[in-house]
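Here the structure is laid out as structure tokens; the discussion comes afterwards.
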Amino acid sequence: MIMRIALLAALLILTLSCGGASRVTPNADVSGAYEFVVTSNVTGGVTLVEANLAANGDQSRATGANQVQVLTLEQKIWYVNGVCPGSAPGQNSIASSTSGNSISLTFNEGGSAFYGQGVLTGTTINANYSISNSSCPILTGLTGYPPGTDSGGIVGNQVPKLTGTYSGLLNLPDGTDNAALTLSENPDLSLAVTVALTGPVDNGSLTFSGTAVGNIVFVSGSVNGQAVTLFGYYDRTGAYTKIPNSLLVFNYATGDTAGLLLGQ
């Protein structure tokens with residue numbers, strides 16, 4: 001009996017001495033609907049990268065318009081597809097790789113790529129990025145910085161489903177209407193939007209369909225025979241619109257602001 005206890009104690013000591021000093025934190029699973037807030041230390045602009053990430057082990061990825069959307073606020077002007085959209089606007093992707101709590105990020109905005117390194121805590125990502133030799137016009141004519149240079153911080157967080165009804169004035173091809181958009185997000189992240197319109201020309205109820213991409217509503221439909229694609233950013237806290245629970249809507253084809261709808 002004494003010999004058995006001594007043997008167990010020796011095994012325990014051996015296990016602790018070997019494992020305690022070399023313990024590795026398991027790789028985290030980065031998946032689901034995410035918003036990445038990318039803040040430039042150079043221009044002061046904020047780029048919102050919205051993604052539906054799928055994980056495969058320690059790798060995560062999202063690609064294409066139904067999985068990644070980009071919106072930039074630069075000097076009080078909004079840019080759908082970002083202020084540096086690259087040669088293929090809207091063809092975006094994100095890839096991440098984790099090792100323990102460390103994470104590497106690759107963002108591609110329509111052919112314009114940049115990289116980040118940071119830390120994953122729970123589901124929150126805090127990282128930094130740097131860019132050199134960029135051909136993005138806003139970075140090539142900077143004063144006090146080498147041309148094509150940028151750097152800043154990245155904060156990524158999971159976001160809830162997009163649901164609810166949002167109403168207000170909405171600019172459509174036939175004019176400005178009173179609109180109420182009711183969002184219904186499915187488990188596969190597809191999005192159905194019932195659009196109730198009241199206006200000089202547009203009246204009645206329509207159905208748009210598309211995808212929820214992070215905090216982005218990306219849907220298409222027809223209004224009086226005219227195809228319309230709407231790109232809406234849901235501002236939960238009012239950080240950018242100054243109104244919590246609001247939906248900032250853009251005409252995707254033109255990039256123009258179509259309206260600010262308030263949650264009901």
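The values are calculated or read from the model by the stated rules, or taken from the named source; none is laboratory data. Keep in mind that what you see is a predicted model, and the values were worked out from it rather than measured. Quick reminder, even Gly has a Cβ in these numbers, built from the backbone with ideal geometry, and neighbours come from all protein chains shown.
Descriptive notes on the structure:
- Selection status of THR149, of a type outside the set (A, V, I, L, M, F, W, C) and touching a helix residue (DSSP H, G or I) at 6+ places or on another chain (Cβ under 9 Å): yes
- One residue alone among SER87, SER99, SER93, SER104 is surrounded by fewer than 21 Cβ atoms within 10 Å (Cβ to Cβ), among the hydroxyl-bearing types (Ser, Thr, Tyr), touching a residue at least 60 places away in the same chain (Cβ under 8 Å) and on the phi < 0 side of the Ramachandran plot, and that residue is SER99.
- The test for being touching a strand residue (DSSP E or B) at 6+ places or on another chain (Cβ under 7 Å), surrounded by 14 or more Cβ atoms within 10 Å (Cβ to Cβ) and not assigned by TED's automatic domain parsing to the domain that holds TYR252 holds for GLU109.
- Single residue of region 39-57 satisfying the filter (β-branched (Val, Ile, Thr) and part of a loop (DSSP other than H, G, I, E, B)) that is nearest to GLN69 (Cα to Cα): THR43
- Residues considered: ILE125, ILE131, ILE138. Of these, the only one that is within 18 Å of the chain's Cα centre (by Cα), among the aliphatic types (A, V, I, L, M), farther than 30 Å from ASN224 by Cβ and not assigned by TED's automatic domain parsing to the domain that holds GLN226 is ILE125.
- All of LEU120, LEU53 fail the test of being under 16 Å from the mean Cα position of the chain (by Cα) and at negative phi, apart from LEU53.
- Boolean, ASP174 is loosely packed, with under 14 Cβ neighbours inside 10 Å and charged (D, E, K, R): no
- Applying the set (1) surrounded by fewer than 14 Cβ atoms within 10 Å (Cβ to Cβ); (2) more than 30 Å from SER99 (Cα to Cα); (3) in contact (Cβ under 8 Å) with a residue 12 or more places away in the chain to THR121 leaves exactly one unmet item: (2).
- Filter result for THR182 (farther than 24 Å from ASN81 by Cβ, without any contact (Cβ under 8 Å) to a residue 60 or more places away in the chain and surrounded by 14 or more Cβ atoms within 10 Å (Cβ to Cβ)): yes
- Residues located in region 129-177, provided they are touching a Pro at 6+ places or on another chain (Cβ under 9 Å), over 30 Å from SER102 (Cα atoms) and not polar (S, T, N, Q): GLY141, ASP174, GLY175, ASP177
- Annotation: of all residues in region 53-80 being buried (at least 23 other Cβ atoms within 10 Å of the Cβ) and among the polar types (S, T, N, Q), the one that is farthest from PRO187 (Cα to Cα) is THR72.
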